[in-house]
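Visitor: This is the structure, below, for whatever I ask next.
The values are calculated or read from the model by the stated rules, or taken from the named source; none is laboratory data. The structure displayed is predicted, hence computed values, not measured ones. As a convention, Cβ positions derive from the backbone with ideal geometry for all residues, glycine included, and neighbour counts pool all protein chains shown.
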Amino acid sequence: MMNSLFLPIFLALTLAAPPAASPNVSDAVLLRRAVVELTAEAEQALTDQRLPRQEPTFAREFLQRSGRASVDGKLVFKRLLRPLGKDPFIDAYVRWQLLGFGPVWPDDDRTLDDEDFELFLAELPALAMNPRSDREAIARINAALAREIVNDADAEALRQLDQSLRERSAEVQNLNRPALEFRRWIEEQCGNTGHRHHQARLERLDALVAAGWPTEELKRQIARRFEEARRDRSFTPEQRARVASQAARLVGRRVPIIQSVGVGENNSPQAQFDETAVYDFEVNEWIRLLQDK
């Protein structure tokens, strides 16, 4: 009697559990299977608009199911070099979770030369747009402001828009965690000398501005690191010129941000705007620091 009661539960658990991989499977095959599973997990997260993980914990579970202790870290790194999904979020999620497999960064720059490294940065997944920079929302607010006074229905709609922007911004910010954490890992691997950590930081700035997210703290960090770079003897004039050229290309990037929207007395619409941008005076100062010996 007891066995018949437990049989349906056992069968359900057996069918739900992913099949374990053989310990004899090659690392390449194992990583391909991991990417397939992670892609499905990312697709579900995109549907749910919610991360199933806040840290790269997939690898530990996957290796345990596969009967393996680890995979070749150099092979993992090679998988990280190119996009692993057409959708930016899926690409970011998969590459972020693969960090749990312990990718091994090359010991020297010759293994990953400057052109390859810059291509790697260029193909990093884009961030999801800040809802506070949504063009349609900005247009709605500007149309209301132009009217000076709105009716009760429009006033309530503006209040709801403000609440929606607050909630949605927090959700999207969390969905950007994979893309940002992957970028921070790259910066850490680049160390604190030479030119690549500066390049990675500038790429992160570019990605944040393009998606309408605040960047003031990052820009202060960039300026501080350029100031420290004046004492970095490993940072050659050629490398400084390369970084300066990358920084110069950021000038003029500018995206508006809705700070708040509401309704004042007599149904007068109110709003505050800011912007995320890279200004020429900032980049000029960075380049000066790079060139100052």
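Visitor: Which of (1) out of contact with any helix residue (DSSP H, G or I) (no Cβ under 6 Å at 6 or more places or on another chain); (2) under 30 Å from R147 (Cβ atoms) is the odd one out, the single condition E285 does not satisfy?
Guide: (2)
Visitor: Consider only pairs whose beta carbons are under 7 Å apart and that are at least six residues apart or on different chains; among these, list those whose first residue lies in segment 168-182 and is at negative phi and touching a residue at least 60 places away in the same chain (Cβ under 8 Å) and whose second residue is hydroxyl-bearing (S, T, Y) and crowded, with 17+ Cβ neighbours inside 10 Å.
Guide: Sorted first by the residue in segment 168-182, then by its partner, the pairs are P178/Y93.
Visitor: Turning to a different aspect of this structure: Just need a number here: residues in segment 208-254 that are crowded, with 16+ Cβ neighbours inside 10 Å and more than 29 Å from N176 (Cα to Cα).
Guide: Qualifying residue count for the region: 5.
Visitor: Suppose the filter is farther than 15 Å from L175 by Cβ, surrounded by 15 or more Cβ atoms within 10 Å (Cβ to Cβ) and not acidic (D, E); does L38 pass it?
Guide: The answer is yes for L38.
Visitor: For segment 272-281, does any single residue satisfy the condition of being within 15 Å of R201 (Cβ to Cβ) and either outside the structural domain of T193 (by TED's automatic domain parsing) or assigned to a loop (DSSP other than H, G, I, E, B) (or both)? Before the answer, list the steps.
Guide: As a first pass, look at segment 272-281 and keep what is within 15 Å of R201 (Cβ to Cβ): 278.
With either outside the structural domain of T193 (by TED's automatic domain parsing) or assigned to a loop (DSSP other than H, G, I, E, B) (or both) added as a condition, the list becomes 278.
Yes: one or more hits.
Visitor: Do the conditions hold for Q272, that is, is it loosely packed, with under 14 Cβ neighbours inside 10 Å and without any contact (Cβ under 8 Å) to a residue 24 or more places away in the chain? It would help to see each step written out before you state the result.
Guide: Numbers: loosely packed, with under 14 Cβ neighbours inside 10 Å: yes; without any contact (Cβ under 8 Å) to a residue 24 or more places away in the chain: yes.
Yes, satisfied.
Visitor: Here's something else I'd like to know. Do any residues in segment 24-48 that are over 20 Å from K74 (Cα atoms) and among the charged types (D, E, K, R) have Cβ atoms under 9 Å from those of residues that are assigned to a helix (DSSP H, G or I) and modelled with pLDDT of 95 or more, where the two are at least six apart or on different chains, and which pairs are they?
Guide: Final answer for the pair search is E37/F58; E37/F62; E41/F58; E41/Y93; E41/V94; E41/Q97; E43/I90.
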